[in-house]
Amino acid sequence: MSGLLALDAWIGLGLALLTLGGAVLLRRAWAGASPRRPWLILGGWGLLVLALVLSVFLLGVARGPAVVLALGSTLALALVASGVEFRNARKKAARELALEPSERRRIAWRGWLRGILAGPLAGIAALGCGLAVAICAPGAVQSRMVIGGLMVPFLWAGGMAWTLSDDKILRATAVLTGVAVVTLGAAFLKGAL
Amino acid sequence: MDGSTKPAGKPIWPKVPAEFVRAMLAGHSALGLAFAALIYLVCFSGSIAVFTQEYTRWEQPAGPVLQAATPQAADRVFREALAHNPKARDVFVQLPEPVRPRLTAHLDDATGAERTFVADASGAIVGEMKTPWTEFQAELHTVLHLPRAWGGFIVGLTGVALLSSLISGVLSHPRVFKDAFAFRWGGSKRLQEADLHNRISVWGLPFHLVVSLTGAFLGLTVIIVGVLALATFKGDTTKAYALFTGPKVADDARPAPIIDLTQVLATLRAAHPEARTTYLFVEHPGERGQHASVSALTPGRLSRGEIYVIDGEAKLRGAVGYETGNLGQKVLSAMTPLHFGWFGGWPVKIAYLLLGLGLTSVTSSGVAIWLARRRDKGRPAPRWERVWIAFVWSQPFAYALSALAALILPVAPVMVWLLATLAASATAILWAPAALSLRLRAATAGLLALTVPVHVALNGGRLADPVAWIIDAGLLLTAVLLAASLWKPRQAA
């Protein structure tokens with residue numbers, strides 16, 4: 001599928017260089033205030049958008065942006081790495097500005113409950129949403145299934161992030177249970193694709 | 001994600017409440033720690049798995065290396081392979097592609113016996129394909145060498161955890177634009193790791209989102225389809241999968257002349273002259289219900305290729321719809337190439353390797369930040385510091401040892417990998433973190449450097465495939481980079 005694309009590979013690299021150019025302009029804008037700053041920001045984002053638009057025409061609607069994002073990210077990281085600044089190990093930082101994670105009281109049952117919410121309950125609620133879309137949404141059956149299926153990991157991950165962060169466990173429990181009951185109920189009530 | 005020391009100026013983004021960020025950081029930290037080892041293992045193995053097709057060529061470098069195969073050659077290798085096992089339940093004939101220039105036929109039967117034969121340009125079988133290390137590393141990434149349902153679920157759940165970490169990580173990084181290009185090294189260990197963690201996380205975000213979402217979807221397919229089947233097909237998952245397998249050819253076990261692949265390919269060529277065939281999957285050969293699923297790729301598409309179903313009489317029954325069907329079918333077809341980086345030639349593969357290793361180091365640095373934070377607060381966890389660094393460097397070591405062993409010993413690479421992982425992790429009892437890192441890196445560099453001459457010696461004079469040389473060069477380069485990294489701490493000291 002791919003090595004063939006010797007020409008496509010070079011087109012991809014060319015487009016990635018455009019994204020690198022965009023990142024260079026953005027870094028120059030980031031480095032300090034100057035009258036040119038708005039133009040540098042505009043030019044930087046402009047080159048990034050141009051690379052994406054060109055990729056659609058040159059490499060395909062789905063493949064082009066995927067190629068540009070993969071190669072562009074790599075080159076941008078190389079640019080960031082090239083600007084590495086070495087700290088003086090003996091000189092202590094002026095002050096610590098990083099925020100600390102919130103300290104919670106360590107209570108075993110809350111930990112277990114949080115784990116159950118983030119794992120099984122968020123998973124069931126996400127499966128319910130995916131199932132409801134697959135069964136109840138309009139459109140071709142395969143599309144509903146794939147879109148519903150893709151929603152499951154995304155919603156599960158979102159539910160996980162929320163329940164592990166929210167200090168109000170009962171709120172998360174109520175919302176996730178409610179979503180699971182409604183979506184699974186709707187899916188099983190309709191019950192056919 | 002952690003912060004940095006750059007003095008805070010006027011925010012250019014709506015200010016995120018500190019309490020929200022602190023809560024997100026707590027969740028991010030808890031989840032990252034709970035899944036750290038699994039995420040690390042899945043990310044590292046995934047980075048290596050990007051080059052699965054190339055490892056096949058490295059393990060079978062003698063070829064024959066073919067640019068194309070005639071329909072007659074495809075039919076001949078099919079028949080010759082079938083003659084080796086007339087009870088074969090299905091035969092998978094893979095045609096030469098630029099990325100995998102081999103003509104092969106893979107058979108499996110009801111007893112589970114599997115063999116793969118390699119053919120020359122005429123389709124005559126010239127040998128059997130043996131690629132144990134390639135299979136080992138692919139299976140480690142996809143199912144962790146566990147039973148398919150369990151392994152897939154655990155890998156899928158790891159993908160969900162990674163996706164969740166990305167979400168909470170982004171939400172807990174209010175200085176994302178302010179720090180976009182800040183990359184500082186040295187000084188405080190925690191701040192150094194935080195800069196590394198945050199820069200790779202942010203700039204690699206599109207890649208991280210894509211691989212974690214597609215990985216979670218691919219891993220959880222069994223569960224998703226299972227629940228869907230429960231709700232709609234009374235638990236019959238085959239009916240759910242049938243929606244994605246295209247036209248059906250009814251089972252009929254009565255004997256029939258073996259399907260003619262020359263005619264099958266002629267039928268496809270007549271109907272779709274632009275299609276570039278990559279493989280044929282023949283089910284139930286020699287039965288009336290026999291049929292071939294032929295995969296054909298349209299250049300320029302992000303897809304695994306369209307599948308055309310052709311029956312025993314060489315009649316085209318229709319297509320699955322991976323390239324010509326509805327949105328869902330096209331999206332499904334894009335998942336695997338998108339996940340593994342098999343869609344844009346060698347630059348994208350190299351980018352996926354580097355970004356994958358970047359994600360692996362993000363996982364590693366996430367735990368390092370947590371450990372450094374504990375140390376800064378006067379609550380160091382020296383045992384965990386040792387265990388984590390030993391586990392991190394156990395994987396390059398175990399992979400290198402398993403690759404070397406696969407070349408010279410008749411043992412399953414997975415056993416070598418497992419024992420090497422356990423042995424390397426156990427060194428946490430003996431050495432301090434710095435010594436662990438140094439010695440495991442040195443051992444890995446030595447093993448990789450040794451693998452190359454062993455590979456060349458074993459295949460001396462038969463290294464027909466240039467990719468085998470490229471992989472050897474890559475291994476050598478990795479060994480040199482690892483060896484070079486050993487000198488840094490001494491210079492700094």
Looking at the stretch A:170-190, which of its residues are surrounded by fewer than 15 Cβ atoms within 10 Å (Cβ to Cβ) and among the β-branched types (Val, Ile, Thr)? A:177, A:181, A:182
Give me the pairs: first residue in the stretch B:329-357 and in contact (Cβ under 8 Å) with a residue 60 or more places away in the chain, second residue in a helix (DSSP H, G or I) and of a type in the set (D, E, K, R), beta-carbon distance under 8 Å, and six or more apart or on different chains, which are they? B:341/B:349; B:342/B:349
Restricting to the stretch B:112-171, and then to whatever is within 16 Å of the chain's Cα centre (by Cα) and of a type in the set (D, E, K, R), can you tell me which residue is most open to solvent (accessible area, probe 1.4 Å)? B:148
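Taking residue B:231 as the residue in question, decide whether it is more than 30 Å from residue B:318 (Cα to Cα), open to solvent by less than 20 Å² (accessible area, probe 1.4 Å), in contact with a Leu (Cβ under 7 Å, 6 or more places away or on another chain) and small (Gly, Ala, Ser).
Details: more than 30 Å from residue B:318 (Cα to Cα): no; open to solvent by less than 20 Å² (accessible area, probe 1.4 Å): yes; in contact with a Leu (Cβ under 7 Å, 6 or more places away or on another chain): yes; small (Gly, Ala, Ser): yes.
So residue B:231 does not fit the description; no.
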Residue, nearest to residue B:116 (Cα to Cα), within the stretch B:45-60, restricted to residues that are of a type in the set (A, V, I, L, M, F, W, C) and not in a helix (DSSP H, G or I): B:51
Just the residues that are outside any helix (DSSP H, G or I) and within 29 Å of residue B:291 (Cα to Cα), please, taken from the stretch B:328-355. B:342, B:343
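I'm checking my understanding of the structure. Among residues of the stretch B:311-345 that are β-branched (Val, Ile, Thr) and touching a strand residue (DSSP E or B) at 6+ places or on another chain (Cβ under 9 Å), which one is nearest to the other protein chains (Cβ to nearest Cβ)?
Narrowing the stretch B:311-345 to residues β-branched (Val, Ile, Thr): B:320, B:324, B:331, B:336.
From what's left, touching a strand residue (DSSP E or B) at 6+ places or on another chain (Cβ under 9 Å): B:320, B:324.
Working: B:320: 10, B:324: 12 Å.
So the residue we want is B:320.
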For the structure I just gave you, tell me whether residue A:161 is over 23 Å from residue B:231 (Cα atoms) and surrounded by fewer than 17 Cβ atoms within 10 Å (Cβ to Cβ). no
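On the given criteria, is residue B:297 facing chain A (nearest Cβ under 7 Å), buried (at least 20 other Cβ atoms within 10 Å of the Cβ) and within 18 Å of residue B:279 (Cβ to Cβ)? Step through it out loud before you land on a result.
Numbers: facing chain A (nearest Cβ under 7 Å): yes; buried (at least 20 other Cβ atoms within 10 Å of the Cβ): yes; within 18 Å of residue B:279 (Cβ to Cβ): yes.
Answer is yes for this residue.
Can you name the residue in the stretch B:315-327 that is part of a loop (DSSP other than H, G, I, E, B) and open to solvent by 20 Å² or more (accessible area, probe 1.4 Å) and is also nearest to residue B:339 (Cα to Cα) among such residues?
Filtering the stretch B:315-327 down to residues part of a loop (DSSP other than H, G, I, E, B) leaves B:315, B:320-326.
Add one more test, that the residue is open to solvent by 20 Å² or more (accessible area, probe 1.4 Å), and what stays is B:315, B:322, B:324-326.
Working: B:315: 34, B:322: 16, B:324: 21, B:325: 21, B:326: 21 Å.
It comes out as B:322.
Picking from A:149, A:139, A:115, which residue would you name as being open to solvent by 20 Å² or more (accessible area, probe 1.4 Å), over 24 Å from residue A:171 (Cα atoms) and modelled with pLDDT of 85 or more?
Working: A:149 fails: open to solvent by 20 Å² or more (accessible area, probe 1.4 Å); A:115 fails: over 24 Å from residue A:171 (Cα atoms).
Answer to the selection: A:139.
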Here the residues within the stretch B:287-302 that are modelled with pLDDT of 90 or more, part of a loop (DSSP other than H, G, I, E, B) and among the small types (Gly, Ala, Ser) are B:289
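The values are calculated or read from the model by the stated rules, or taken from the named source; none is laboratory data. None of these values were measured; they are calculated from a predicted model. We place every Cβ from the backbone using ideal geometry, glycine too, and count neighbours over all the protein chains shown. Heavy atoms of the whole protein, side chains included, go into the accessibility calculation; ligands, DNA and RNA do not. Shrake-Rupley method; radii C 1.70, N 1.55, O 1.52, S 1.80 Å.
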